[in-house]
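All of the numbers you see were taken from the coordinates with simple rules; none came from a lab. Quick caveat: nothing in here was measured; it's all calculated off a predicted structure. Glycine gets a Cβ as well: all are built from the backbone with ideal geometry, and neighbour counts include every protein chain shown.
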2 protein chains.
Amino acid sequence: MAIQPPTGQQSSVMREKLQQAGLRTTKQRLMLAHLLFGSGNRHVTAEILYAEASKTGLGVSLATIYNTLNQFHEAGLLREVIIDQNRSYFDTNLHEHHHFFVESDARLIDINEDEISLGQMPDAPDGFQTDSIQVVIRLKDA
Amino acid sequence: MAIQPPTGQQSSVMREKLQQAGLRTTKQRLMLAHLLFGSGNRHVTAEILYAEASKTGLGVSLATIYNTLNQFHEAGLLREVIIDQNRSYFDTNLHEHHHFFVESDARLIDINEDEISLGQMPDAPDGFQTDSIQVVIRLKDA
DNA sequence: GTACGTGCAAACGTTTTGCAGCGGG
DNA sequence: CCCGCTGCAAAACGTTTGCACGTAC
C-alpha cells in the first residue's frame, strides 16, 4: 500500500466520493468532505462549517463554503433541512428522517426512526406528486 | 345605529379584534386586519400583503407590513409557518394543522384535518418540552 | 399631552454573483 | 492546455432598525 498523502488516510475515500458525484477533487472540497462525512451524521450551517474549516491549515472563503454546500446538495451528497428562517441547515444523513429543533440554541437533533411513525398521510392534490414529507418537532426548554 | 365610517362595515369587528389583542387601532392595522381576516384562512408573505395593501387607497410602507405581521404574530393573531428559506409565511388559521408546499410556485395549501393523522410521536428529550409539531409535504408537478 | 405607530432610508445578516487568477484532469 | 474552481469584493435579498413626524387614546 502506498504512503498516504499528508491530508490523511481518509483522502482516498473522500476522493472517490467526490468523483462518483462528478465533482473535481480540489483541496478545499476534500477538506470540507472530510469535515462533513468523516465522523457520522452531522447537521451544519455555512457558518459552522466555515468556522471549522478556518481552523484547519487550508484557507477557505465563505463563498466557497456556500458554493460547496450547494454543489454537494445538488450532487445528492447532502439534504437541505428548512427549519430556521435565519440560516440554512444541511444534513449528511440522506435517509428520509425527521427532526427535533431546539429553538433556544438553533440546534437540530435527529429523531430516531423507531420512535416515530406517521399515521395516514394525504395524497398529493391533482396535478402534483409528493416530493418529501418532513416532520419537525420544535422544542422549548422545560 | 351610527353611520359607518368609510373604511367599511367590518371596521368594528376588526377594531374589537385589535383591541382584544392589546393593539392600537390605527388606519393601517385596521386595513391589514381586514385583508388578513376578512375572508377565511389565508397564507401570506410580507410581499403579498404589501401588494394587496398598496392597491387600497391607504398608503402603507413595507416596514409597517413587517412590523404589523410581527406584532400580530406576537399577539397571537397569526401563526408563522417556516417552510421556505427565502420568505416568511404567516397563517391566519390558528389551529395546529399541516401543509402542502408547492415548490414550483412557493404556494402553501392547508392539509384537511381528516386527511392526515399522526402515528407515534417521540417524547421530547430530557430537559425539553414539545412546543409544536409541524408536518410539511413538499409537492412537485406531476 | 404623551406614548406608541408610521414612513423613510439606512443598516443588517445571509446568501449569491462577477471576475481575475489558480490548478485539476 | 483548458475548463472548472477559488477567493475576494460587491451586490442582492428579505428583514429590521433609528429617527422625525403623526396620531390614538
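Summary: within chain A, the longest segment free of trypsin sites (Lys or Arg not before Pro) located in DSSP loops with at most 13 other C-beta atoms within 10 Å is A:25-86. Diffusion coefficient of chain B by Stokes-Einstein, Kirkwood radius over Cα pairs, 37 °C, 0.692 mPa s: 192 µm²/s.
Might you report the magnitude of the Cβ-based charge dipole of the protein assembly as shown about its Cα centre, with Lys and Arg at +1 and Asp and Glu at -1, to the nearest 20 debye? Result for the protein assembly as shown is approximately 1340 debye, rounded to the nearest 20. The rotation axis taking chain B to chain A passes closest to the C-beta of one chain B residue; that residue and the distance in whole Å read B:119, 2.
So what's the protein assembly as shown giving for Rg/Rh, alpha carbon basis, Kirkwood Rh from the mean inverse pair distance?
Working: Rg = 23.4 Å, Rh = 22.0 Å.
Here Rg/Rh amounts to 1.06.
The distance linking the range B:119-141 with the range B:39-95 is 24 Å (Cα centroid to Cα centroid, whole angstrom).
Restricting to Cα pairs below 8 Å that are 6+ residues apart, what does the relative contact order work out to for the range B:97-142? Please round to a whole percent. Show your work: numbers first, answer last.
On the way: 43 pairs, mean separation 24.2, N = 46.
Answer for the range B:97-142 is 53 percent.
Add +1 for every Lys or Arg and -1 for every Asp or Glu among the other residues with Cβ under 11 Å from the Cβ of residue A:71, and state the total.
So the environment of residue A:71 carries a net charge of +1.
Between copies, the label points at residue A:59 (set 7 angstrom from Cα along Cα-to-Cβ) are spaced 4.9 nm, reported in nanometres from shortest to longest.
Only bridges with both residues in the protein assembly as shown count here: give the DSSP antiparallel percent, nearest 5. So the antiparallel bridges amount to about 80 percent of the total. In the range A:47-142, the DSSP beta bridges split such that about 65 percent are antiparallel, to the nearest 5. In summary, no lysines lie within cross-link reach of residue B:140, defined as a Cα separation below 22 angstrom excluding same-chain residues under 8 places away. Short-range pairs are left out: with C-alpha atoms under 8 Å and at least six residues apart, the relative contact order of chain A is 17 percent. Remark: label point of residue B:122 defined 7 Å out from Cα along the Cα-Cβ vector; separations to the same position in other copies 2.6 nm, ascending. From helices alone, chain B scores -9500 deg cm²/dmol at 222 nm; the rule is -39500 (n - 2.57) for each run of n ≥ 4 DSSP H residues, then divide by the residue total. Compared with the dominant Cα axis of chain B, that is its longest principal axis, helix B:11-20 is turned about 60°. Relative to the dominant Cα principal axis of chain A, helix A:62-74 is inclined by about 60°. Bridging of residue B:27 to lysines at a Cα separation below 17 Å is possible for B:17, B:55, once same-chain residues fewer than 8 apart are set aside.
Just to confirm the number: angle between the C-alpha axis of helix B:27-37 and the first principal axis of chain B, 0 to 90 degrees, nearest 10? Taking Cα atoms only, the helix is inclined about 40 degrees.
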